[in-house]
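The structure appears right after this line, and notes come after that.
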Amino acid sequence: MVDTGHLSLHVPEPAVRPGGQPDFSNVKIARAGAVPRPNVDAPAEDIRDLAYSIIRVLNRDGEAVGPWAGLLSDDDLRTGLRHMMTLRAFDARMLMAQRQGKTSFYMQHLGEEAVSCAFRKALNKGDMNFPTYRQAGLLIADDYPMVEMMNQIYSNESDPLRGRQLPIMYSSKEHGFFTISGNLATQYVQAVGWAMASAIKNDSRIAAAWIGDGSTAESDFHSALVFASTYRAPVILNVVNNQWAISTFQGIARGGSGTFAARGLGFGIPALRVDGNDYLAVHAVACWAAERARRNLGPTLIEYVTYRVGAHSTSDDPSAYRPKTESEAWPLGDPVLRLKKHLILRGLWSEERHVQAEAEIADEVIAAQRKAEEHGTMHAGGRPSVRDIFEGVYAEMPPHLRRQRQKAGY
Ligand SMILES: Cc1ncc(C[n+]2csc(CCOP(=O)(O)OP(=O)(O)O)c2C)c(N)n1
Ligand SMILES: [Mg+2]
């Protein structure tokens with residue numbers, strides 16, 4: 001018997017803590033345009049490298065380069081910029097509304113706007129997202145009315161979900177946005193199941209699953225990958241790696257796998273890793289995965305490399321666990337500024353138009369907010385009826401619920 005001495009547990013630590021110098025030397029960034037674009041029917045084992053690199057289109061000068069460029073028209077790009085700016089303005093307003101006590105809770109997307117806004121543009125009507133709480137860009141980019149989102153945030157009398165969901169947990173079947181569940185990773189099994197059902201019915205609609213880096217540690221993520229792999233479900237498996245899971249750094253959930261994308265390889269699922277702050281790259285990669293799903297070639301796993309610039313939620317203070325200047329040191333930049341630079345370089349945009357667009361968007365958001373507040377906020381004005389608690393779960397209300405409703409006086 002060899003004496004191996006005392007065992008010790010390996011507990012990964014982030015590179016820096018508050019007070020330290022931000023350090024992103026662990027993020028190895030490929031040159032824009034350097035990663036090849038394989039055919040969509042390429043076997044997972046032939047494209048393993050793509051799970052360890054970062055697909056990028058926009059370079060430092062704002063040019064769109066390489067094999068993943070060229071899918072979007074000038075109008076598409078201007079619209080994309082507008083969507084990201086709208087999401088940012090919406091976040092700022094709703095963050096303030098929470099501070100003013102008009103809602104109990106809010107979660108923002110700052111720095112991650114490209115992921116959901118660009119992804120939406122790769123889907124068709126009828127496709128279904130199973131999102132988490134940080135993909136409101138899927139709704140904004142599909143022209144879902146902001147006032148409906150605010151009604152939900154305020155749980156007011158016009159809240160489409162009748163006060164039964166936590167603020168920001170939107171739901172819209174028509175806009176391909178499955179009800180958000182606060183129980184993280186459950187979205188993954190639901191998405192794969194929905195995609196399998198679509199295939200069983202010989203339908204043409206595909207599903208998109210969404211999860212954050214931290215939540216990939218949940219067993220639901222892994223069982224969803226087994227089903228997606230075995231049955232070649234028409235699903236896009238999205239992992240948004242924004243470096244943090246509240247106060248836990250991404251190295252904890254990633255473990256020794258190198259990247260989150262690499263998780264797909266063990267299941268034989270083609271896996272891509274993409275610059276999540278590059279609108280063009282996100283859109284191109286999403287289109288590639290959507291085409292695979294539509295052609296019945298099965299699932300694709302995509303890791304979006306991005307950074308959560310804001311606090312986790314309105315209940316969080318990131319200065320307790322990361323350097324205050326960390327977001328400024330993030331090497332992939334700001335998605336809004338990068339697309340803006342690209343458009344200006346191509347003569348499709350200008351500083352003046354940008355300022356004007358910001359003012360127009362601020363007006364739209366404020367107008368929507370006024371309209372929503374006419375229907376009430378958390379502490380003032382109209383609210384859904386208590387009766388609504390009992391509705392919408394069973395096709396026919398069971399007797400015990402009917403009794404409870406009567407007891408409550410409704
Ligand atoms: C099953 C489950 N466990 C824990 C939580 C509490 N929780 C809410 S958000 C969060 C962090 C998630 O981090 P990540 O998956 O990286 O997503 P991000 O917030 O960074 O977008 C945790 C632990 C939860 N909502 N559900
Ligand atoms: Mg995260």
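The values are calculated or read from the model by the stated rules, or taken from the named source; none is laboratory data. As the structure is a computational prediction, the values presented were derived from the model and not from experiment. Every residue, glycine as well, gets a Cβ built from its backbone with ideal geometry; the counts of neighbours run over all protein chains shown. Remember, those area values only see protein heavy atoms, side chains included, never the ligands or the DNA or RNA. Shrake-Rupley method; radii C 1.70, N 1.55, O 1.52, S 1.80 Å.
Out of the residues in region 197-235 that are touching an Asp or Glu at 6+ places or on another chain (Cβ under 9 Å) and of a type in the set (A, V, I, L, M), which is farthest from ARG308 (Cα to Cα)? The residue in question is ALA197. Among residues of region 173-215 being away from ligand 2 (no atom under 16 Å from the Cβ) and on the phi > 0 side of the Ramachandran plot, the one that is surrounded by the most Cβ atoms within 10 Å (Cβ to Cβ) is GLY176. Of everything listed in (1) surrounded by 15 or more Cβ atoms within 10 Å (Cβ to Cβ); (2) at pLDDT 95 or above; (3) within 27 Å of the chain's Cα centre (by Cα), the single unmet condition for MET378 is (2).
Look at (1) out of contact with any helix residue (DSSP H, G or I) (no Cβ under 7 Å at 6 or more places or on another chain); (2) in contact (Cβ under 8 Å) with a residue 24 or more places away in the chain; (3) open to solvent by 40 Å² or more (accessible area, probe 1.4 Å) and you find that ASP363 fails only one, number (2). Cβ contacts < 8 Å: first residue free of Cβ contacts under 8 Å to residues at least 24 places away in the same chain, restricted to region 165-194; second residue within 16 Å of ligand 2 (Cβ to nearest atom) and of a type in the set (A, V, I, L, M, F, W, C), any location; separation 6+ or different chain. Result? These pairs meet every condition: GLN165/ILE180; SER171/ILE180. For region 241-253, enumerate the residues that are of a type in the set (A, V, I, L, M, F, W, C) and either out of contact with any helix residue (DSSP H, G or I) (no Cβ under 8 Å at 6 or more places or on another chain) or away from ligand 2 (no atom under 12 Å from the Cβ) (or both). Residue satisfying the conditions is PHE249 alone.
Given the criteria under 23 Å from the mean Cα position of the chain (by Cα), surrounded by fewer than 18 Cβ atoms within 10 Å (Cβ to Cβ), at pLDDT 95 or above and closer than 30 Å to LEU50 by Cβ, does LEU337 qualify?
Yes.
Just to be sure, is SER215 within 16 Å of ligand 1 (Cβ to nearest atom), in contact (Cβ under 8 Å) with a residue 60 or more places away in the chain and of a type outside the set (A, V, I, L, M)? For SER215, the condition - within 16 Å of ligand 1 (Cβ to nearest atom), in contact (Cβ under 8 Å) with a residue 60 or more places away in the chain and of a type outside the set (A, V, I, L, M) - is met. Residues being open to solvent by 40 Å² or more (accessible area, probe 1.4 Å) and more than 30 Å from PHE249 (Cα to Cα) are entirely absent from region 313-331. Filter region 70-125 down to the residues that are open to solvent by less than 20 Å² (accessible area, probe 1.4 Å), among the aromatic types (Phe, Trp, Tyr) and within 16 Å of ligand 1 (Cβ to nearest atom) and list them by number. Result: TYR106, PHE119. Within region 252-271, residues that are among the polar types (S, T, N, Q) reach partners that are open to solvent by less than 10 Å² (accessible area, probe 1.4 Å) with beta carbons closer than 7 Å, at six or more positions or on different chains, in the pairs THR259/ALA51; THR259/GLU303. GLY256: open to solvent by 10 Å² or more (accessible area, probe 1.4 Å), over 23 Å from VAL235 (Cα atoms) and more than 15 Å from ligand 2 (Cβ to nearest atom), yes or no? In short, yes.
Is it the case, given these coordinates, that ALA191 is part of a helix (DSSP H, G or I), under 29 Å from PRO145 (Cα atoms), within 16 Å of ligand 1 (Cβ to nearest atom) and of a type in the set (Gly, Ala, Ser)? Let's see the steps before the verdict.
Numbers: part of a helix (DSSP H, G or I): yes; under 29 Å from PRO145 (Cα atoms): yes; within 16 Å of ligand 1 (Cβ to nearest atom): yes; of a type in the set (Gly, Ala, Ser): yes.
Taking the combined requirement at face value, the residue satisfies it.
Taken over region 24-47, the residue count meeting the criterion of being open to solvent by 100 Å² or more (accessible area, probe 1.4 Å), free of Cβ contacts under 8 Å to residues at least 24 places away in the same chain and in a loop (DSSP other than H, G, I, E, B) is 1. Filtered by the rule that a residue be at pLDDT 95 or above and touching a strand residue (DSSP E or B) at 6+ places or on another chain (Cβ under 7 Å), region 1-43 gives ALA32, VAL35.
The set of residues from region 302-312 being within 10 Å of ILE246 (Cα to Cα) and open to solvent by 10 Å² or more (accessible area, probe 1.4 Å) comprises ALA311, HIS312. Under the condition of being buried (at least 24 other Cβ atoms within 10 Å of the Cβ) and not aliphatic (A, V, I, L, M), which residue from region 216-240 is nearest to ligand 2 (Cβ to nearest atom)? Among those that are buried (at least 24 other Cβ atoms within 10 Å of the Cβ) and not aliphatic (A, V, I, L, M), it is THR216. Is it true that LEU166 is in contact with a strand residue (DSSP E or B) (Cβ under 9 Å, 6 or more places away or on another chain), open to solvent by 50 Å² or more (accessible area, probe 1.4 Å) and outside any helix (DSSP H, G or I)? When the stated conditions are applied, LEU166 does not pass them. Consider region 126-139 and keep the residues that are open to solvent by 10 Å² or more (accessible area, probe 1.4 Å) and closer than 13 Å to HIS175 by Cα. The one that is nearest to the chain's Cα centre (by Cα) is MET128. ARG294 versus (1) over 16 Å from VAL305 (Cα atoms); (2) within 16 Å of ligand 2 (Cβ to nearest atom): which is the lone unmet condition? (2) is the only condition that ARG294 fails. Just wondering, is there one or more residues in region 6-23 that are in a loop (DSSP other than H, G, I, E, B), under 30 Å from ARG322 (Cα atoms) and of a type in the set (S, T, N, Q)? Among the residues of region 6-23, at least one is in a loop (DSSP other than H, G, I, E, B), under 30 Å from ARG322 (Cα atoms) and of a type in the set (S, T, N, Q), which makes the answer yes.
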